[in-house]
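The values are calculated or read from the model by the stated rules, or taken from the named source; none is laboratory data. Remember, predicted model here, so these are calculated numbers, not experimental data. Neighbour counts run over all protein chains shown; Cβ positions are idealised from the backbone, glycine included.
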Amino acid sequence: MTTNNGGLPRKSDVAVVGGGTAGLALATKLKRLGVGSVIVLERENDAGGIPRHCGHYPFGIREYGRLLKGPDYARRNVEAAVDAGVDIKTEVTVTALHPDGRLSLTTPAGKAELQAERVVLCTGAREASRPQRFIGGDRPLGVLSTGALQSMTYLQGMRPFRRPVIIGSELVSFSAIDTCRHLGIRPVAMIEENDRILARRLVQPYLMMRGVALFTKVKNLRILGRRQVEAIEFIDAAGKQQSIEADGAIISGRFRPEAALLHLSHLEVDPGSGGPMIDQFGQCSDPSYYSAGNLLRPAETSGWCWQEGIETAKWIAEDLSRGQPAVVPSVRVQLVDRAIGFSVPQRLSISDRTGGMQKMQIGLNVPVKGYLEAISGGQSISNTWLNSRPVRRVQIRLAPIVQNCSKSPVELSIQRNK
Amino acid sequence: MEVKKKLVALGRADVAIIGAGVVGCALARRLTLDGASVIVLEKAADVLDGASKGNSAILHTGFDAPSGSLEQDCIAQGYKEYLETCETLGLPVLRSGALVLAWSQEQLDELPKLIEKAHKNGVTDVSALTKSQILKREPYLSNNVVGGFEVPGEFLIDPWASAHAYLLQAMANGAVLYRDTEVVAGQYDGQQWRLETNAGSVCAAQIINCAGLYGDIVEQRLIGECPFTVTPRKGQFVVFDKSAAALASSIILPVPTKTTKGIVVCRTIFGNLLVGPTAENQESRTDSSTISDMLAHLREKGIEMIPNLEECEVTAAYAGLRPATEFQDYQIRRIEGKNYTCVGGIRSTGLSAALGIARHVAGLIAPDEFSFQAIEDPIIPAPDRLSNYHPRDWEEPDNGGIVCHCELVTRREIEQVLNGPLPPSTLQGLKRRTRVCMGRCQGFYCTGELVKLTAGRFNLPMGLGHDDQ
Ligand SMILES: Cc1cc2nc3c(=O)[nH]c(=O)nc-3n(C[C@H](O)[C@H](O)[C@H](O)COP(=O)(O)OP(=O)(O)OC[C@H]3O[C@@H](n4cnc5c(N)ncnc54)[C@H](O)[C@@H]3O)c2cc1C
Ligand SMILES: Cc1cc2nc3c(=O)[nH]c(=O)nc-3n(C[C@H](O)[C@H](O)[C@H](O)COP(=O)(O)OP(=O)(O)OC[C@H]3O[C@@H](n4cnc5c(N)ncnc54)[C@H](O)[C@@H]3O)c2cc1C
């Protein structure tokens, strides 16, 4: 431990872990609501989170009523926080979470500690890596996530390849095409393992416009090359072996919460969302801990995470005004249908506390057409028509579920033939 | 020291070592400490780029090695010397112990023979365990395990830091390393060897072939023929994220077969958990690519043994190539009258045996113990300190801040390696020395910063400026 605690205070009313969109919005709101000391702990040299690297639109519509590029947007979020009196500390990595709001930190000066009344986890999400997707082949240079590509190009002005292939077909995969275009990089193909692109179909013509070939329903993806990527091999939808010459691969999408801290902590983790188990107020299994932003689930737009930060700040401020954090009884949300990958929240607190999230977020594993039904204590308490697919935003109203659930778990299932 | 310019006319060295895998590195250290002048020739851009690039990183006791074989002897010696010197060299050891487990009656029947062999091999602390004893020790194991035995002395080490430390100590005490230098031919004139490389020629009284996967090819180039043929045997691995490390404290070994030690589940010294390797013979000596189906299969295998792995994330996958030959035992022999020694076929235990092999070979080439004058008080260089189970740089003051967030690699660690005596010339080499990009995000967060820190350092840069061609 450094004697001056790495230049950090030893105590704070609220400590926010992660100074991205959600963390900054939340901290700003807490100050505006009159909370005493609010500190944001950010491991990078600058706060702002992922938008700092995204030198493209669209950011800021909901928040600032205008179209901004990522870095300008991030700067505004930081300025708003500073103006509100948030204490932003950069180059501070939180290395461990302990019960009751005690944090282990490390700074360039060495180790430090901080005790907070409430801790808010806002560490965001990142794209799944190549090994996580079991993409085989060699390990040459030139294989990057979209995030890495953007930080390399926007922050460092460097170009890792000229003719890459894009693996994945989510919105962020299309954003990768844009990033490339600005650098004179020409993606040659987009490759997706599913039978259609995961982003909305209306963006598909964009591929043709940019001369990017699309291959869906591919199997046995392999990246080949001794030093730099030389080719991408796969079996196409027709069962034919394909080999595409390329000098790079962008591994895009399939976001996963950046939950390393969580997995090594005492907090309960939801394997479905990959984030913390929370209730409708964003409160974790240890009531000193809250969470907001993309750590909750993979992955939403920045505007969404910003709003989530604001909302969660209100509940935290209200909780702080009650004094010590308290454990209240709660019921679990159980997914009895394999089509449902996750729900956020995963737990509903039963108390006199009012407010909380208005909607429950659902993640689907497969395309679904049918009614999403919630049952508690043998009673059907909510029914919502769904026609959606994986990676899409799916929400159901939470109020009827919270109001009507008995003391038994809430079971979520899909009724397909109605 | 390392010499970067082309080799032209060179002074005469006592010994030239061909190949800087873990075996060549250990030999360079041994012979340098024994007082020989040593030159190391490595064809790749960096050291440890062959068989030593990817392995299970287990420090074996040799409990299951063929009794009385040279391999068994070298493992036993190597194991002993590793534990004697690791503290001096600053190398970490994770004293995990191993459990050899049977998952069927058939395997259970094999155990008594294996225990007997272990005792015969001098690994006397090996003893049988019942199913309930096993499950008590490893509560996350599948209930399908039927029995097993423990090998308390099997440990986990850092496979790269140890080889680097051997070579760094050799270099600090006078050995000279040439990278990007491939031995293509050589003549022995009755007094000394003259080796031809792509970068010039080298003269040495003795030469030692430690070319691993190319051992037979190098011998053909130098001697004209080779009594063994290398058939690379690929081993693929999947690595689970750090949260999985809590699921197995011992190294979980299967009942071995003749050709392979089988699929292992064990922690790494870096705090992860790995499952592998496979054993696939192939012709290519360079193809260490992975196959998605096989990676998925390994994950399944892991889950079969430890069901909770189902919920853990995979963070990495890699493959290594074993320099296997048609012979079971190591192919170590000296050709009398030619001052040539072959150290070949160091198949699947070379990391553990390296220091033992080095002693054995030193004995072969300098049987007279006065032929070299051992160095007094050799210099001990600073090792890479990357163990998750020992203090790390990020915990210390003035570390320059963290660059790689998943593996908590500091700016100071990266700069020290880049400016050190054995700087990496590739991103892979930087990964092995510091662990950057080896964690769960695989470069999502730190790539930008690394591009900046490594600019001008690598043979093949991570990125090009917008105007570069
Ligand atoms: C390539 C790409 C393009 C995108 N494009 C758009 C777009 O055009 N429009 C849009 O609306 N959204 C876009 N997004 C999504 C947007 O970036 C996210 O919605 C938003 O950043 C989420 O905010 P967050 O606060 O949850 O997480 P982040 O912004 O990821 O912030 C998390 C912060 O936590 C910090 N942190 C993590 N762990 C620790 C720790 N242990 N200690 C200290 N600090 C820590 C991180 O350094 C980071 O700053 C894009 C995302 C990507 C990857
Ligand atoms: C999957 C797998 C798992 C393993 N697990 C373990 C384990 O848990 N414990 C253990 O003890 N061992 C293990 N091993 C074994 C161990 O990794 C090897 O025995 C060891 O790495 C062999 O080292 P080497 O120095 O002989 O060969 P290499 O590492 O191949 O070194 C040979 C070097 O020579 C160079 N070279 C080749 N030709 C020339 C030339 N003409 N001129 C100059 N240089 C040349 C090459 O570039 C290379 O760097 C494992 C191996 C594998 C593949």
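Taken over region B:198-212, the residue count meeting the criterion of being within 10 Å of ligand 2 (Cβ to nearest atom) and either surrounded by fewer than 24 Cβ atoms within 10 Å (Cβ to Cβ) or over 21 Å from B:ALA353 (Cβ atoms) (or both) is 1. Could you tell me whether B:LEU298 is touching a residue at least 40 places away in the same chain (Cβ under 8 Å), more than 16 Å from ligand 1 (Cβ to nearest atom), out of contact with any helix residue (DSSP H, G or I) (no Cβ under 9 Å at 6 or more places or on another chain) and away from chain A (no Cβ under 14 Å)? Answer is no for this residue. When B:SER284 is tested against the conditions (1) within 15 Å of ligand 2 (Cβ to nearest atom); (2) within 18 Å of the chain's Cα centre (by Cα); (3) of a type in the set (Gly, Ala, Ser); (4) assigned to a loop (DSSP other than H, G, I, E, B), the lone failure is (2).
Table: residues versus (1) assigned to a helix (DSSP H, G or I); (2) under 25 Å from A:GLN283 (Cβ atoms); (3) within 15 Å of ligand 1 (Cβ to nearest atom).
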{"position": "A:GLY19", "(1), (2), (3)": "no, yes, yes"}
{"position": "A:ALA25", "(1), (2), (3)": "yes, yes, yes"}
{"position": "A:LYS31", "(1), (2), (3)": "yes, yes, no"}
{"position": "A:ASP46", "(1), (2), (3)": "no, no, yes"}
{"position": "A:PRO71", "(1), (2), (3)": "yes, no, yes"}
{"position": "A:GLU91", "(1), (2), (3)": "no, no, yes"}
{"position": "A:ALA96", "(1), (2), (3)": "no, yes, yes"}
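Checked against the criterion of being out of contact with any strand residue (DSSP E or B) (no Cβ under 7 Å at 6 or more places or on another chain) and among the hydrophobic types (A, V, I, L, M, F, W, C), region B:432-449 has no qualifying residue. Condition first: more than 9 Å from every other protein chain (Cβ to nearest Cβ), among the acidic types (Asp, Glu) and either over 16 Å from A:GLY70 (Cα atoms) or buried (at least 22 other Cβ atoms within 10 Å of the Cβ) (or both). Can you find one or more residues in region A:165-174 that meet it? The answer is yes, given that some residue of region A:165-174 is more than 9 Å from every other protein chain (Cβ to nearest Cβ), among the acidic types (Asp, Glu) and either over 16 Å from A:GLY70 (Cα atoms) or buried (at least 22 other Cβ atoms within 10 Å of the Cβ) (or both).
All conditions in (1) away from ligand 2 (no atom under 16 Å from the Cβ); (2) in a helix (DSSP H, G or I) hold for B:LEU355, with the sole exception of (1). For region A:94-102, check the following and say yes or no: at least one residue is surrounded by fewer than 16 Cβ atoms within 10 Å (Cβ to Cβ) and either within 16 Å of ligand 2 (Cβ to nearest atom) or at positive phi (or both). Among the residues of region A:94-102, at least one is surrounded by fewer than 16 Cβ atoms within 10 Å (Cβ to Cβ) and either within 16 Å of ligand 2 (Cβ to nearest atom) or at positive phi (or both), which makes the answer yes.
Would you call B:PHE327 assigned to a loop (DSSP other than H, G, I, E, B) and at pLDDT below 90? So B:PHE327 does not fit the description; no. Any chance region B:246-262 includes a residue that's under 18 Å from B:GLY439 (Cα atoms), among the hydrophobic types (A, V, I, L, M, F, W, C) and part of a helix (DSSP H, G or I)? Yes.
Table: residues versus (1) outside any loop (DSSP other than H, G, I, E, B); (2) under 14 Å from the mean Cα position of the chain (by Cα); (3) closer than 29 Å to A:ASP72 by Cβ; (4) within 16 Å of ligand 2 (Cβ to nearest atom).
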residue	(1), (2), (3), (4)
A:LEU261	yes, no, no, no
A:HIS266	no, no, no, no
A:GLY272	no, yes, no, no
A:ASP279	no, no, no, no
A:SER285	no, no, no, no
A:ASN294	yes, yes, yes, no
A:ARG297	no, yes, yes, no
A:GLU300	no, yes, yes, no
A:TRP304	yes, yes, yes, no
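Is there a residue in region A:153-164 that is more than 10 Å from chain B (Cβ to nearest Cβ) and either more than 26 Å from B:PHE458 (Cα to Cα) or buried (at least 21 other Cβ atoms within 10 Å of the Cβ) (or both)? So far as region A:153-164 goes, yes, one or more of its residues are more than 10 Å from chain B (Cβ to nearest Cβ) and either more than 26 Å from B:PHE458 (Cα to Cα) or buried (at least 21 other Cβ atoms within 10 Å of the Cβ) (or both).
Among the residues of region B:446-462, how many are in a loop (DSSP other than H, G, I, E, B), under 26 Å from A:ARG256 (Cα atoms) and at the interface with another protein chain (Cβ under 7 Å from one of its Cβ atoms)? Going through region B:446-462 one residue at a time, the tally reaches 1.
Count of region B:18-74 residues, restricted to those that are of a type in the set (S, T, N, Q) and within 6 Å of ligand 2 (Cβ to nearest atom), is 3. A single entry from A:SER151, A:SER145, A:SER169 fulfils the requirement of being more than 12 Å from ligand 1 (Cβ to nearest atom), of a type in the set (S, T, N, Q) and touching a residue at least 24 places away in the same chain (Cβ under 8 Å): A:SER169. The C-beta contact set for region B:1-27 (first residue farther than 16 Å from B:MET171 by Cβ, second residue modelled with pLDDT under 95 and part of a loop (DSSP other than H, G, I, E, B), distance under 6 angstrom, 6+ apart or interchain) comprises B:LYS6/B:ALA199; B:LEU7/B:ALA199. The condition of being over 23 Å from B:GLN331 (Cβ atoms) and within 16 Å of ligand 1 (Cβ to nearest atom) does not hold for B:ASP189.
If you filter region A:222-253 down to residues that are surrounded by 22 or more Cβ atoms within 10 Å (Cβ to Cβ) and touching a helix residue (DSSP H, G or I) at 6+ places or on another chain (Cβ under 8 Å), you find that the one that is nearest to the other protein chains (Cβ to nearest Cβ) is A:ILE251. For B:ASN143, the test of being in contact (Cβ under 8 Å) with a residue 60 or more places away in the chain, away from chain A (no Cβ under 14 Å) and either within 16 Å of ligand 2 (Cβ to nearest atom) or more than 18 Å from the chain's Cα centre (by Cα) (or both) is failed.
Those strands (runs of 3 or more DSSP E) of region A:129-236 in which 3 or more residues are over 24 Å from the mean Cα position of the chain (by Cα) and under 27 Å from B:TYR318 (Cα atoms) occupy A:219-224, A:231-235.
Pairing each residue of region B:230-253 that is within 16 Å of ligand 1 (Cβ to nearest atom) with any residue that is of a type in the set (Val, Ile, Thr), provided the two are 6+ apart or on different chains, yields C-beta distances under 9 Å for B:ASP241/B:VAL314; B:ASP241/B:THR315; B:LYS242/B:THR315; B:SER243/A:VAL269. The residues in region A:118-138 that are farther than 30 Å from A:SER288 by Cβ and facing chain B (nearest Cβ under 7 Å) can be counted, and the count is 10. Of the residues in region B:409-431, at least one is among the hydroxyl-bearing types (Ser, Thr, Tyr), crowded, with 23+ Cβ neighbours inside 10 Å and not assigned by TED's automatic domain parsing to the domain that holds B:ILE269.
Filtered by the rule that a residue be closer than 22 Å to A:GLU300 by Cα and away from chain B (no Cβ under 14 Å), region A:31-50 gives A:VAL40, A:ALA47.
Just so you know, in region A:306-358 the residues that are part of a loop (DSSP other than H, G, I, E, B) and basic (Lys, Arg) include one that is surrounded by the most Cβ atoms within 10 Å (Cβ to Cβ), and it is A:ARG353. Can you find a residue in region B:307-324 that is within 14 Å of ligand 2 (Cβ to nearest atom), closer than 30 Å to B:TYR140 by Cβ and away from every other protein chain (no Cβ under 14 Å)? Yes, that holds for at least one residue. Considering region B:302-324, the residues that are in a strand (DSSP E or B) and among the small types (Gly, Ala, Ser) include one that is surrounded by the most Cβ atoms within 10 Å (Cβ to Cβ), namely B:ALA317.
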